[in-house]
Amino acid sequence: MVRALIFLTALLVSITRGGNANWDSHSAHIMPPKKWSVGIFHPIRYGIKDGLELSFHPGWSFVLPNASFKVPFSDFKSFNTATRLSFVYPTPLLNMLSRKGIGGIIDPNLTIPPMLGVSGSFIMSREVLRVNLTVKAGLDFGLVFGDLDVRSNIDLPIVYHRLEVFHNGWGLHSGLDIDKNLTKKIRIFMDVDLRFIPDTSKKGKRKNYTMRSGDYSIEHKMLLIWEYSSKFRIMTGYKLVSGDYPYGKQTRLLPYIPFVEQWLPLIELQWLR
Amino acid sequence: MKNFLLLTLLLLGNGCEPFVVEFPDLSIPKKFEAANVDSNSKTYQGGGIKVLTWNMRFGVGRFSFFGDSCGEDVIADEQTVTQTMAVIAETLTVIDPDIVLLQEVDLSSKRTGYWNQVQYLLDNTPLNYGVYASVWEADFIPTDGIGRVNMGNAILSKYEIGSSERIQLRLRTDQPDYEQYFYLRRNILKSEIPELASSSQKKFYAVNIHATAFATDDTKEKHVVKYLEILDDIHSDGHVFVSGGDLNAVPPGATIDYCMNDICEGESYHVDGIDPFHKEGSFFDNFIGEPDILAPLYQLYDSAIAEDFINLPEHYTHAPSTSMLGENTIRKYDRKIDYLFTNLEWDDMSGHTHQACWELSDHMPISATLSNLTED
């Protein structure tokens, strides 16, 4: 059950990464110096100095060390631009999940070697017809320092294609975010993200036994955001993931609660200081 | 805007498919067809009909899978599955049955590299058509790294398969709810094969069962009773059947306690005060009448292996894959739990337990040939 909660938390973390122009991680805007924001599932974001933002998930730091840096880039045709460089070291978490019995997500006979995930993104944001628009694209690299067994994947939406980067060595990502005020206090946020793992399907579909097949994942999120104050907000919504996997194509609405076979709307609280 | 809303609703609806598939009492199984159907073999030319039943253990041979032996392995490697599946296909080609009843076939399970084993066997044997009924179908099993699983019963046939039913068997009652949610949903797969019907009034059915293995309540009794009910209905309606499968029950007169054969390192059985006293799945006297639970089948129908021979070692069909006779000697088989029956007659001495296949599964296939249907 504890593992199930961790998994659910991981999903929610992924779902809630996004938000408003001034204090949201998805856009090209940088957190002002000495300001920070945090949510239940949202990473801590901190303006280290003018033009440098750090974000990380503190709750995950011991098992999934992670950090992300965002710096502004020169404006381009009325777009604000930025680059983001992210690092994640998933080995401790994956080895925790490689266990016997309930909560074993990876075959306990497999050991995950040291691995470092590096992602670089170029982000462009601007307001068009009172809509905040952000487009982004980037490269993901999975550096593996040892033998990574092909069977050590996790065949779940969101997770599979992120881990597949380590098997493939690299991948691509891109996305479009739309953020619009509906009223003074309520906003709607929608995004579509594409993850692509080149060559995976070609390699996998030649064989009957294939641990590596399914080269894309499209993730769409919609959130209704209530700006309670300039320092606190509540959001609710869903995430829809559609992708190609070793077992075929699948679409899944998240968060999804297995035992009751029900989708549950996400609720997230965020604070800014 | 209306189209956008409709599309969104459609996507959201698709996204809410159950995480673990549960089945109604009756449902329609999935149908398959070989990539190249042999137009000659799909037509019955007269002569005997050879039938085979085999629990093929999802094509992993004697792999020490944690779930059904003393093993600790979970996800089979590519070489194990590829080699085993190739030899299973070759074996079926050599034996050349007209109808095959398979248990424990994987369709897109992580543990066997997401292999579609039904399609592979159709494409690599003289068999042309197939139906498949899931026993265990879940997006993700969060235990021991199993992940996605879809395992079930299948009927493969040279002849076209007509209407088919997946008949749900009762679930175990000796498990907590969370365990039952992720556990197997056993079934009986019943298919009509119109090509073999001797008249429009006398239909020909193939019936495949995989009964419970590890239940310690009365689930096995319920499964066998339901199985008999289905066969009796076919028979009393004047139709014919070939049927069989892995009944996970020993024949009348057989040894009933295999706990010490199946015991794993660190386990203790038959010790007063230690619970459980018997090993799950290795003891066949859990409820009154269990040792003779199959007697009605032998009384009512013709068995591929005649009743006089059922307890002979040459007709044993199973031993767990890690069962050892000595330090270096594998116990290949020590009990009979797989069966073939018909309400017609098997050809004399055609019943055969293929013990040479012991490396391909922890169960041995059984085959037998029906007398010429045109003489019926």
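Consider region B:37-96 and keep the residues that are within 14 Å of chain A (Cβ to nearest Cβ) and of a type in the set (S, T, N, Q). The one that is nearest to the chain's Cα centre (by Cα) is B:Thr84.
Just name the residue that is farthest from the chain's Cα centre (by Cα) out of those in region B:112-124 that are under 16 Å from B:Glu160 (Cα atoms) and touching a residue at least 40 places away in the same chain (Cβ under 8 Å). The selected residue is B:Asp123. Residues in region B:338-363 that are within 15 Å of B:Tyr316 (Cβ to Cβ) and polar (S, T, N, Q): B:Thr353, B:Gln355, B:Ser361. For region B:14-30, what are the residues that are under 21 Å from the mean Cα position of the chain (by Cα) and within 7 Å of another protein chain (Cβ to nearest Cβ)? If the condition is that a residue be under 21 Å from the mean Cα position of the chain (by Cα) and within 7 Å of another protein chain (Cβ to nearest Cβ), then B:Val20 is the only one that fits.
Let's see how each residue does on (1) surrounded by 16 or more Cβ atoms within 10 Å (Cβ to Cβ); (2) within 12 Å of another protein chain (Cβ to nearest Cβ); (3) in contact with a strand residue (DSSP E or B) (Cβ under 9 Å, 6 or more places away or on another chain):
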residue: A:Thr210; (1), (2), (3): yes, yes, no
residue: A:Ser213; (1), (2), (3): yes, yes, yes
residue: A:Trp226; (1), (2), (3): no, no, yes
residue: A:Tyr238; (1), (2), (3): yes, yes, yes
residue: A:Ser242; (1), (2), (3): yes, yes, yes
residue: A:Gln262; (1), (2), (3): no, yes, yes
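Screening B:Glu359 with (1) of a type outside the set (Gly, Ala, Ser); (2) under 27 Å from B:Lys220 (Cα atoms); (3) loosely packed, with under 15 Cβ neighbours inside 10 Å gives one miss only, at (2). Do we have B:Leu7 as modelled with pLDDT under 90, farther than 24 Å from B:Met151 by Cβ and within 11 Å of chain A (Cβ to nearest Cβ) here? So B:Leu7 does not fit the description; no. Got at least one residue in region B:207-228 being without any contact (Cβ under 8 Å) to a residue 40 or more places away in the chain, closer than 30 Å to A:Ile257 by Cβ, out of contact with any helix residue (DSSP H, G or I) (no Cβ under 6 Å at 6 or more places or on another chain) and assigned to a loop (DSSP other than H, G, I, E, B)? No, region B:207-228 contains no residue that is without any contact (Cβ under 8 Å) to a residue 40 or more places away in the chain, closer than 30 Å to A:Ile257 by Cβ, out of contact with any helix residue (DSSP H, G or I) (no Cβ under 6 Å at 6 or more places or on another chain) and assigned to a loop (DSSP other than H, G, I, E, B).
Is it true that A:Pro92 is modelled with pLDDT of 95 or more and either in contact with a strand residue (DSSP E or B) (Cβ under 8 Å, 6 or more places away or on another chain) or farther than 28 Å from A:Glu227 by Cα (or both)? Against the criterion (modelled with pLDDT of 95 or more and either in contact with a strand residue (DSSP E or B) (Cβ under 8 Å, 6 or more places away or on another chain) or farther than 28 Å from A:Glu227 by Cα (or both)), A:Pro92 qualifies. Residues that are assigned to a loop (DSSP other than H, G, I, E, B), crowded, with 20+ Cβ neighbours inside 10 Å and among the charged types (D, E, K, R): does region B:156-166 have at least one? So far as region B:156-166 goes, yes, one or more of its residues are assigned to a loop (DSSP other than H, G, I, E, B), crowded, with 20+ Cβ neighbours inside 10 Å and among the charged types (D, E, K, R). Checked against the criterion of being among the acidic types (Asp, Glu), within 22 Å of B:Ser371 (Cβ to Cβ), surrounded by fewer than 18 Cβ atoms within 10 Å (Cβ to Cβ) and touching a residue at least 40 places away in the same chain (Cβ under 8 Å), the candidates B:Asp232, B:Asp237 yield just one match: B:Asp232. Taking region A:106-191 and the strands (runs of 3 or more DSSP E) fully enclosed by it, no element has 2 or more residues that are modelled with pLDDT under 95, within 14 Å of chain B (Cβ to nearest Cβ) and crowded, with 20+ Cβ neighbours inside 10 Å. Inspect region B:77-88 for any residue being over 22 Å from B:Gln355 (Cβ atoms) and polar (S, T, N, Q) and give the result as yes or no. Yes: region B:77-88 contains one or more residues that are over 22 Å from B:Gln355 (Cβ atoms) and polar (S, T, N, Q). Number of residues in region A:38-60 that are part of a strand (DSSP E or B), surrounded by 19 or more Cβ atoms within 10 Å (Cβ to Cβ) and of a type outside the set (Gly, Ala, Ser) equals 3. Condition first: within 8 Å of chain B (Cβ to nearest Cβ), charged (D, E, K, R), surrounded by fewer than 20 Cβ atoms within 10 Å (Cβ to Cβ) and more than 24 Å from A:Tyr46 (Cα to Cα). Can you find one or more residues in region A:247-258 that meet it? The answer is no, given that none of the residues of region A:247-258 is within 8 Å of chain B (Cβ to nearest Cβ), charged (D, E, K, R), surrounded by fewer than 20 Cβ atoms within 10 Å (Cβ to Cβ) and more than 24 Å from A:Tyr46 (Cα to Cα). When A:Phe79, A:Phe141 are screened for being aromatic (Phe, Trp, Tyr) and out of contact with any helix residue (DSSP H, G or I) (no Cβ under 9 Å at 6 or more places or on another chain), only A:Phe79 passes.
Each row is one residue, and each column tells you yes or no for (1) free of Cβ contacts under 8 Å to residues at least 12 places away in the same chain; (2) over 27 Å from B:Asn286 (Cβ atoms).
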{"position": "B:Leu101", "(1), (2)": "no, no"}
{"position": "B:Arg148", "(1), (2)": "no, yes"}
{"position": "B:Ile161", "(1), (2)": "no, yes"}
{"position": "B:Pro176", "(1), (2)": "yes, no"}
{"position": "B:Glu195", "(1), (2)": "no, yes"}
{"position": "B:Ser199", "(1), (2)": "yes, yes"}
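Here B:Phe58 passes the criteria (1) under 30 Å from A:Gly104 (Cα atoms); (2) assigned to a loop (DSSP other than H, G, I, E, B) except the one numbered (2). Among the residues of region B:109-133, those that are of a type in the set (S, T, N, Q) and either more than 14 Å from chain A (Cβ to nearest Cβ) or surrounded by fewer than 23 Cβ atoms within 10 Å (Cβ to Cβ) (or both) comprise B:Asn116, B:Gln119, B:Asn124, B:Thr125, B:Asn128. Kindly establish whether B:Ala197 is away from chain A (no Cβ under 11 Å), of a type in the set (A, V, I, L, M, F, W, C), surrounded by fewer than 21 Cβ atoms within 10 Å (Cβ to Cβ) and under 30 Å from B:Gln45 (Cβ atoms). The answer is yes for B:Ala197.
The values are calculated or read from the model by the stated rules, or taken from the named source; none is laboratory data. Values in this document were obtained by computation on a predicted structure and should not be read as measured data. Here Cβ is always computed from backbone atoms with ideal geometry, including for glycine, and neighbour counts include all displayed protein chains.
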